[in-house]
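Reviewing the structure listed below.
Nothing in this text is a laboratory measurement; each read-out follows from the coordinates by a stated rule. As the structure is a prediction and not an experimental result, all values here were calculated from the model. Every residue, glycine among them, receives a Cβ derived from its backbone with ideal geometry; neighbour counts consider all protein chains shown.
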Amino acid sequence: MDRLPAAPGARPGAGSWSGTRAGDPGRALLQLDWRSRPAAAAPPAGRTWNVLGGGAPLVAALRALGDTVAVHPDAASAVGHPTVLAPFLPPPGGAGAAGASGAAPGALVLLKSWLAGRGRTGARLVVVTRGAVAADTDEDVPDLAHAPLWGLVRAALAEHPDAFALLDVDGTEASWKALPAAVASGEPQQALREGVVRVPRLVAAPLGGAPGGSGFGPGSTVLVTGAAGALGGLVARHLVRAHGVRRLVLAGRSAADARLTTLAADLRRLGARAVVAGCDMTDRAALADLLAPAPGAPAITAVVHCAGTVDDGVLTRLTPHRMAGALAAKAESARHLHELTQDLDLTAFVLFSSAAGVLGAPGRANHAAAGAFLDALAHHRRARGLPALSLAWGPWAQRGGTAGPLELHRSARSGVLGLTPRRGLALLDAALGAGRPVLVPVRLDTARLRAPAADPARVPGVLRALLRPLPPAAWAAASETPV
């Protein structure tokens, strides 16, 4: 079996085993690359477009192409058409201006309305965003208010593959001109940058060490949010054992939580000083108080954000209230952490995100939307020269974790296997030294995923780069080249 690099400062052999197979990137640390692909043939001129709710920039761009635009006030009036565009375009200069919930709750209402009226017509709703994903380079800064839409719609695609599509534009004239061909291609996820079509593909992440190491060490004072949860406790113990951390602040909803006091006692036995703090992470003022050091106490130097809540359900049963609650617990709290620590001299800012926001996952739209926000926030911080790493975790096979037995079984059937604690911590160490803003530690059952490979159309596009080699002729129509 392959071994990942040990954590900087770790004892020999501590947390270094990954359990990956040589040459099998489906079981390693992954990253999302956006790859250019040949543009499809544009539909004939003189088209008629159906657009929901206006979207002035989109409507103006389509009319500038000489096309006709029919604007529909709601999904019910548009559902009879085979393709309908739903624009979610922030105003100029408005990127990231809204809270973490942003446009997601409203988009949920639209997606549910579309499904209710669509029936078996085969109609498709194309959600059009601008700058919601980092499809250019690692320094591309996604719009924080619209990034959750991609997680939400990816989950919707996992439940209803033919009902939706995602298209992100950069607002350039070349991209508006390329939009008709992109829509006609039928590709479920695309981004247009300067007129070039790009599609997301998961690939193996390089494991070269990053300057500065992991960001954790004996001199660190680490805030761990969600420390009362199974993963928070697992990570806190690992930071002490493998990284030599000696000061931790363990944050949970209540300082009286027995899980926090037990964890603090365990860490003290390992030679660390652990302070327990009760804090509602969605309460900005309370979080500011937590981050303000007491006189003579060391300031926070690193953050690991594990806090969140599980309130999942299939798309048709979710409500805007439930979605806003899930986004507040995971994403809005991360936003507060970012804003309240951006002037501190942090060495690490680690966000526990979700592979659901990258892969999509049936029944996990809340989780996927929150994960997409955290991934966008990591890009946002890196572009400003701040430390950030968002880990879009696959499910952990950890008792008390966010993934229960039923979800683990369902995930395994779809080709996503649970991570054991040992394997997950090894991937955490590898990710800390990889130097990327967003990584996807997920264990894929590539044999199961290759089962439908005789028909490439049945393989999710995001996984196609991992599942080769396949018959060359079968992939000719889906070829793409790295940007």
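Descriptive notes on the structure:
- One decimal place: the segment T319-A174 gains 48.5 nm when fully extended, by the rule 0.36 nm per residue minus the C-alpha distance.
- All other residues whose Cβ lies under 14 angstrom from that of R118 are scored, Lys and Arg at +1 and Asp and Glu at -1, for a net of 0.
- Shape call, region 178-254: gyration tensor on alpha carbons, a/c limit 1.5: prolate
- Theoretical gain in end-to-end length, D343 to A447 [0.36 nm per residue, Cα-Cα removed]: 32.7 nm
- Calculated SAXS-style log₁₀ I(q)/I(0) at q = 0.08, 0.16 Å⁻¹ - region 36-204, Debye, Cα scatterers: -0.21, -0.93
- Between S36 and R413, the C-beta separation translates, for a Förster distance of 35 Å, into a calculated FRET efficiency of about 0.60.
- Least to most buried among W176, W393 (fewest other Cβ within 10 Å first): W176, W393
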